[in-house]
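What follows is calculated from the coordinates using simple rules that are stated; it is not laboratory data. It should be emphasised that the depicted structure is a prediction, and the values quoted were computed from it without experimental measurement. All Cβ positions, even for glycine, are placed from backbone atoms using ideal geometry, and neighbour counts span all protein chains on display.
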Amino acid sequence: MTASLRSPDLHRLPARLADGREIVYFDETADPVRVLDDPRDLPVVVPASQARYDALTGDWVGIAGHRQTRTYHPPADACPLCPSTPANASEIPSPDYDVVVFENRFPSFGGAGEPVPADPQDRGSFVAAPGNGRCEVVCFTPDHTALFSRLPPRRVRTVIEAWVDRTEALSAQPGIEQVFCFENRGAEIGVTLAHPHGQIYGYPFVTPRTSAMLRTVAEHRRRTGRNLFDDVLAGELADGSRVVAGNRHWAAFVPFAARWPVEVHLYPRRRVPDLAALDDAERDALALLYLEVLRRMEGVFADTLPAISAWHQAPVRQGRDDWGLHLEIFSIRRAVGKLKYLAGSESAMGAFINDIAPEAAAERLRQVVVPAPEVDGADVDGADSGGADVGGADVGGADVGGGGPDGPVRDGQGGRAETPRDEEERR
Ligand SMILES: [Zn+2]
């Protein structure tokens, strides 16, 4: 029996904010001090968003005109995501928390009701629907200056439990067709609050990128009888040149057609539709690999790494059997002090031009030296890389290093990845 990273005392504690919004604490200790009454006098924000159908592309667009007044870069002592103090009544009434989720006060989608109509093309020229759905904020830590990549593995494990809880809750809310857990990191990405946090959107429609993937997945099934996500993962592991890291339950690679200068996808080795379907060992292994990949990505440039982490989960009501949960992490950083902007080709045509070959990007990520996460001595199933073969024995023995001498190897204690550069330095 192996111990889990999951706190044995982990529990959820729901409450309401002053304007009726839901807040849920995910606490790692049995009896934390939590203030469940919100003392603020808050006006109720009535979401007035719409979903409008773009007849030319078939995509739905959210129109949320009420969000212009939202909090924009507040000073640190007025942070709405820090625990409350006598001087700062924040969005979290308690003096402390571990992980907390609450409804966004200025949501892009809000209200329970119908999803968008399934037949918009049959409804005339200008088809709009209420922007029903849910937008939530996930605070990863009460520490205003923390970096996600430096959180203890146990905290990341709690964040995963929060994602699972919200995925299940939002999937059950009438009108929500897709649940998207994500994090925008860094001011360059447009983050208006510095406090480490992510977001969860419950959309009243299936998003354009997911719709595109559903079509290719169905087409692949029809043509080959196989699952596209399975084939992509098996192909990347067999090729190996873009594999960055992995453990018993997960693999991380730069995708063959990477769109961004720093981009890594994380796939569970067992295909599941969404986060809720991951078992305990897979959630543990995810916490560790996610931390490692973030640190590798941050190590590429001696610079802050503005980045987006995006969970691709199966839609609530369609394509679930053939969907493969995965995480896509990417950065707009292309060099120290330089950003890749989405200009004409990308923004207008959706045609990305990447300035670095994905194989070179993967090699750059493998070269980053990453210390092993501290796991409080827990023997976590799946954390063990199984020796030098980080790719894992259960997927054709693919070696994460690309099968050559250029890849990283692990020391015998499952410690930090060692790169050829280390070896050179020892000589
Ligand atoms: Zn803060």
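Observations
- Taking other C-beta atoms within 10 angstrom as a stand-in for reagent exposure, Ile353, Ile92 fall in the order Ile353, Ile92, fewest first.
- Within the listed set Ala361, Ala302, Ala285, the residue fluctuating most in the Gaussian network model of the chain (springs between alpha-carbon atoms under 10 angstrom) is Ala302.
- Among Ser149, Ser345, Ser309: highest mean-square fluctuation, GNM of the chain, C-alpha pairs under 10 Å: Ser345
- Separation of the Ala3 and Val61 label points, Cα + 7 Å toward Cβ, nm: 5.4
- Cβ-based exposure ranking for Leu10, Leu147, in which fewest neighbours within 10 Å come first: Leu147, Leu10
- Full extension of the segment from Gln318 to Ala238, taken as 0.36 nm per residue of separation minus the current Cα-Cα distance, would add 25.8 nm.
- As a calculated quantity, the FRET efficiency between Arg223 and Val44 at R0 = 56 Å, using C-beta atoms, amounts to about 0.60.
- Relative to one another, the C-alpha centroids of the stretch 110-188 and the stretch 278-320 are positioned 15 Å apart.
- Sites Asp77 and Tyr341 - FRET efficiency at Förster radius 25 Å, r taken between beta-carbons, to 0.05: 0.15
- Point-to-point label distance, Ala212-Glu188, nm (Cα→Cβ direction, 7 Å offset): 2.3
- Top of Pro86, Pro268, Pro32 by mean-square fluctuation, Gaussian network on the chain, Cα under 10 Å: Pro86
- By the Cβ distance rule (another cysteine Cβ under 4.7 Å), the unpaired cysteines of the chain are Cys135, Cys139, Cys181.
- Charge dipole of the stretch 12-205 (Cα centre as origin; +1 on each Lys and Arg Cβ, -1 on each Asp and Glu Cβ, all else neutral): 260 debye, rounded to the nearest 20.
- Spacing of the modelled spin labels on Ala87 and Leu13, each 7 Å from Cα toward Cβ, amounts to 2.5 nm.
- Mean Kyte hydropathy of -1.0 or more with a Cα span along the axis of at least 20 Å, helices from DSSP in the chain: 153-171, 280-300
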